[in-house]
Amino acid sequence: MSALLHKQVTATVTDTDLGEFTALAATWEVDRTKERIIRGAFSETIKRWRASAKRIPLHYDHRGDADAIIGVVFPESMSETEDGLEVSGQLDLDRSETAREAWRTMKNGAMSLSFGYKVDKARRGAGGIKELLALDLFEVSLTPAPANADTRVLAMKGAI
């Protein structure tokens with residue numbers, strides 16, 4: 001009987017990787033769960049986050065354990081654009097192996113975004129689509145399998 005060998009691999013980052021990013025965390029398109037966010041749905045939660053003086057936790061794949069909180073999203077960066085909810089944030093590359101793995105995957109173009117939320121107001125739209133009119137966002141996640149396939153990383157920053 002042969003023994004299986006496993007190689008331990010650790011993600012590395014270069015000295016120029018800053019872990020800073022800008023991304024589309026939500027769009028106005030119908031997602032895989034048959035929900036559509038209506039423009040304006042984030043307006044109150046953006047105001048609350050900005051007034052709180054706190055940063056929004058950045059999770060890996062919606063996991064809540066401490067090692068899966070891999071950075072932050074800056075509330076002052078949140079805005080509803082023509083395409084959806086745009087955010088900017090920072091991964092904790094210095095202290096989190098999970099953040100380094102997420103960054104590596106982001107650089108390979110295989111990472112999207114999602115977010116945790118509570119629905120404050122919704123309605124039924126045409127075709128049985130649930131239209132989300134007001135949301136209370138409580139976390140943003142980097143994930144390889146988002147409910148909304150149109151979310152994406154827009155820019156990543158490294159030092160020159």
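Quick rundown of the values:
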quantity: R0 of 41 Å, Cβ-Cβ distance ASP136-MET156: FRET efficiency to nearest 0.05; calculated: 0.90
quantity: Between 0 and 90°, nearest 10: helix 97-107 axis offset from the chain longest Cα axis; calculated: 70
quantity: Crossing angle, helix 43-52 versus the chain [Cα axis fit, 0-90 degrees, rounded to tens]; calculated: 60
quantity: Eligible aspartates and glutamates near LYS157 by straight Cα distance, threshold 19 Å, same-chain separation 8 or greater; calculated: ASP15, ASP17, GLU20, GLU76, GLU86, ASP92, ASP94, GLU97, GLU101
quantity: GNM top mover of VAL140, VAL73, VAL30 - the chain, alpha-carbon springs below 10 Å; calculated: VAL30
quantity: Relative contact order computed over the chain (Cα-Cα under 8 Å; 6+ residues apart), in percent; calculated: 36
quantity: Options [x] 8.9; [y] 12.6; [z] 7.6 - which one matches mean projected area of the Cα convex hull in nm² as calculated here; calculated: [y]
quantity: Approximate spin-label separation ASP120-LYS47, in nm, with each point projected 7 Å along Cα-to-Cβ; calculated: 0.8
quantity: Sites GLU76 and LYS34 - FRET efficiency at Förster radius 35 Å, r taken between beta-carbons, to 0.05; calculated: 0.60
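Computed from the coordinates by the stated procedures, all read-outs in this text should not be read as laboratory data. Bear in mind that the values here come from a model prediction, so they are computed numbers and not experimental data. Positions of Cβ are generated from backbone atoms using ideal geometry, with glycine treated the same way; all protein chains shown enter the neighbour counts.
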